[in-house]
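J.: Once you've had a glance at the structure underneath, I'll fire off some questions.
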Amino acid sequence: MNLPAIWAIYKFEMARFFRSILQSFVSPVISTSLYFVVFGAAIGSRIDQVEGVSYGAFIVPGLIMLSVMTQAISNASFGIYFPKFIGTIYELLSAPVNFLEIVLGFVGAAATKALFIGVVILGTAAFFVDLQIMHPVAMVIFLLLTCMSFSLLGFIIGIWARNFEQLQLVPLLVVTPLVFLGGSFYSISMLPPAWQTVAYFNPVVYLVSGFRWSFFGLADVPIAVSLLAIAGFTAICLAAVWWIFKTGWRIRT
């Protein structure tokens with residue numbers, strides 16, 4: 001394992017993040033505050049509690065998941081796409097660095113950035129609602145797995161994308177709608193039976209449900225199923241990345 005190479009890639013990506021630390025810090029704080037104003041105040045005034053939890057606190061896990069998923073995808077996809085765009089990816093491929101070390105550097109940096117955003121949003125939410133985390137270890141595990149898996153997805157998107165517009169295609173048209181329809185701001189049990197069945201085909205439901213369980217002990221699906229879902233998603237992304245580097249798909253051409 002070439003640790004200096006991993007550290008060099010990781011440090012380079014993190015340096016780009018810290019150059020815009022004000023935007024990286026202020027933007028999620030403002031966005032989270034707006035969500036609490038719109039959902040917490042406007043809708044929360046009509047929905048007092050959801051399964052015994054105040055609505056303002058109930059939406060916190062969903063808000064964190066929404067921001068963490070989108071930030072992980074965005075950072076990882078841009079991180080690998082930009083070297084492709086300017087041609088420095090070939091210097092990286094010709095260096096004595098294998099694909100695992102490249103992935104660890106880029107994905108590790110993107111996951112760290114997403115984790116930072118998640119912590120910032122959690123801290124911001126504490127100013128609006130009274131939060132109690134029943135299973136802090138499980139919360140950290142779910143947060144880390146989500147950051148890692150969606151950073152891997154972002155890495156794949158960055159390899160797939162041929163232009164900057166395609167970088168935003170999947171996050172805006174696929175991931176964000178899935179998060180909003182995945183029980184982020186409501187419980188699946190509130191839906192009619194037919195729509196509950198449809199919702200269970202949404203993979204984000206399992207992530208949000210498991211993450212919310214770590215806060216309140218409430219879940220739309222069993223916690224073991226949530227863990228299996230995110231582990232399976234991570235495995236699929238790892239297999240896809242391995243295939244990309246093995247075949248050179250959209251890297252060497």
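J.: Against the definition (within 16 Å of M139 (Cα to Cα), in contact with a strand residue (DSSP E or B) (Cβ under 9 Å, 6 or more places away or on another chain) and either surrounded by 22 or more Cβ atoms within 10 Å (Cβ to Cβ) or not small (G, A, S) (or both)), how does F215 come out, yes or no?
T.: Values: within 16 Å of M139 (Cα to Cα): yes; in contact with a strand residue (DSSP E or B) (Cβ under 9 Å, 6 or more places away or on another chain): yes; either surrounded by 22 or more Cβ atoms within 10 Å (Cβ to Cβ) or not small (G, A, S) (or both): yes.
When the stated conditions are applied, F215 passes them.
J.: Report, by residue number, each residue of segment 130-146 that is of a type outside the set (S, T, N, Q), surrounded by 18 or more Cβ atoms within 10 Å (Cβ to Cβ) and within 23 Å of S33 (Cα to Cα).
T.: Taking segment 130-146 and keeping what is of a type outside the set (S, T, N, Q), we get 130-131, 133-145.
Right, trim to surrounded by 18 or more Cβ atoms within 10 Å (Cβ to Cβ) and you get 138-139, 142-143, 145.
Matches in segment 130-146: M139, L143.
J.: Determine the pairs where a residue that is under 15 Å from C147 (Cβ atoms), located within segment 207-219, has a partner that is of a type in the set (G, A, S) and not in a helix (DSSP H, G or I) with Cβ atoms under 9 Å apart, the partner being 6 or more residues away or on another chain.
T.: L207/G182; V208/G182; V208/G183; V208/S184; G210/A219
J.: Taking only segment 1-50 into account, find how many residues are of a type in the set (G, A, S), modelled with pLDDT of 80 or more and either in contact with a strand residue (DSSP E or B) (Cβ under 8 Å, 6 or more places away or on another chain) or surrounded by 14 or more Cβ atoms within 10 Å (Cβ to Cβ) (or both). Spell out the reasoning first.
T.: At the first step, the residues of segment 1-50 found to be of a type in the set (G, A, S) are 5, 8, 15, 20, 24, 27, 31, 33, 40-42, 44-45.
Checking the rest, the ones that are also modelled with pLDDT of 80 or more come to 5, 8, 15.
After this cut, where a residue has to be either in contact with a strand residue (DSSP E or B) (Cβ under 8 Å, 6 or more places away or on another chain) or surrounded by 14 or more Cβ atoms within 10 Å (Cβ to Cβ) (or both) as well, the list is 5, 8.
So the count comes out to 2.
J.: Scan segment 81-110 and report the pairs whose first residue is free of Cβ contacts under 8 Å to residues at least 24 places away in the same chain and more than 13 Å from A8 (Cα to Cα) and whose second residue is outside any loop (DSSP other than H, G, I, E, B) and among the small types (G, A, S), with Cβ atoms within less than 9 Å and a gap of 6+ or a chain change.
T.: F82/G158
J.: Return the pair list, or none, for Cβ contacts closer than 9 Å from residues in segment 3-23 that are under 17 Å from A111 (Cα atoms) and in a helix (DSSP H, G or I) to residues that are at pLDDT 90 or above and basic (K, R), at least 6 apart or on different chains.
T.: That search, which allows pairs on different chains as well, returns E13/K113; M14/K113; F17/K113.
J.: Is it the case that segment 229-246 has a residue that's small (G, A, S) and under 15 Å from I73 (Cβ atoms)? I'd like the intermediate steps shown before the answer.
T.: If we filter segment 229-246 for residues that are small (G, A, S), which is where we start, we get 229, 231-232, 235, 239-240.
Still in the running and under 15 Å from I73 (Cβ atoms): 240.
Within segment 229-246, one or more residues are small (G, A, S) and under 15 Å from I73 (Cβ atoms).
The values are calculated or read from the model by the stated rules, or taken from the named source; none is laboratory data. On a predicted model such as this, the values are computed, not experimentally measured, just so you know. Every residue, glycine as well, gets a Cβ built from its backbone with ideal geometry; the counts of neighbours run over all protein chains shown.
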